[in-house]
Amino acid sequence: MNMIPNDHLTAVQLIQLILAPAVMINACGLLLLGINNKYSLVVNRIRLLNEEKRRLFMKVGERPITTDENVRLESIAIQIKALVYRVKLVRNTVLCYTTGVAMFVFTSLLLGASYFISMDLNIVIVSSFLIGMSLVLVGVIFAGFETYKGYEIIAYEVKVHE
């Protein structure tokens, strides 16, 4: 059964049909903007912690290390390790969203192609759209894990400095 009867579609209807996945492309674009901002913040935090660690090591080279400095160095090492894990989660999120966008664009192209070549591509069209939606869902799950990991890092930092 062909969901797209070629003889009944006008040019306007075809354009509307092809642009339907654009809503998901738009949504993914907004998600990507937010997650890229988070990526920048996490990377900057890693850089700041590395800089603080270098300064502490330079101080320590001049005199014996104090207990407070040792605690801070341990805290920095733990935070950097956790932040690197967060960056991996953000990377996975970005890859899922980006691949999802590619699948939605592919869906739009298939919709147009199925009209012009008069071929039943419905299974491929629906499959590509569902793959795109699944990738967005996986990206949202990665983003959720990343948010939880961010909370753990802050909770640890507060606990260490109490």
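Of note:
- The sole residue among Asn44, Asn92, Asn50, Asn37 that is more than 22 Å from Tyr148 (Cβ to Cβ), out of contact with any Pro (no Cβ under 9 Å at 6 or more places or on another chain) and in a helix (DSSP H, G or I) is Asn50.
- Some residue of segment 139-162 being closer than 15 Å to Val23 by Cα, in a helix (DSSP H, G or I) and not small (Gly, Ala, Ser): no
- Single match in Val101, Val138 (criterion: in contact (Cβ under 8 Å) with a residue 40 or more places away in the chain, surrounded by 19 or more Cβ atoms within 10 Å (Cβ to Cβ) and not charged (D, E, K, R)): Val101
- Considering Arg45, Arg72, the condition of being under 27 Å from Ala155 (Cβ atoms), modelled with pLDDT of 90 or more and either among the charged types (D, E, K, R) or touching a strand residue (DSSP E or B) at 6+ places or on another chain (Cβ under 7 Å) (or both) is satisfied by Arg45 alone.
- Applying a threshold of 6 Å to beta carbon distances and a minimum spacing of six or more residues, or different chains, the list of pairs starting in segment 15-35 at a residue that is within 20 Å of Leu130 (Cβ to Cβ) and ending at one that is buried (at least 18 other Cβ atoms within 10 Å of the Cβ) and polar (S, T, N, Q) reads Ile18/Ser108; Pro21/Thr107; Pro21/Ser108.
- Inter-residue pairs, beta-carbon under 8 Å, first under 19 Å from Val160 (Cα atoms) and of a type in the set (A, V, I, L, M) and in segment 51-70, second at pLDDT 85 or above and surrounded by 10 or more Cβ atoms within 10 Å (Cβ to Cβ), 6+ apart: Leu56/Glu69; Leu56/Arg72; Leu56/Leu73; Leu56/Ile76; Ile65/Leu73
- Residue satisfying condition, being closer than 30 Å to Asp68 by Cβ, touching a helix residue (DSSP H, G or I) at 6+ places or on another chain (Cβ under 6 Å) and surrounded by 15 or more Cβ atoms within 10 Å (Cβ to Cβ), within set Leu121, Leu83, Leu110: Leu83
The values are calculated or read from the model by the stated rules, or taken from the named source; none is laboratory data. Predicted, not measured: the structure shown is a model, and the values here were computed from it. Virtual Cβ from ideal backbone geometry, glycine too; neighbours counted across all protein chains shown.
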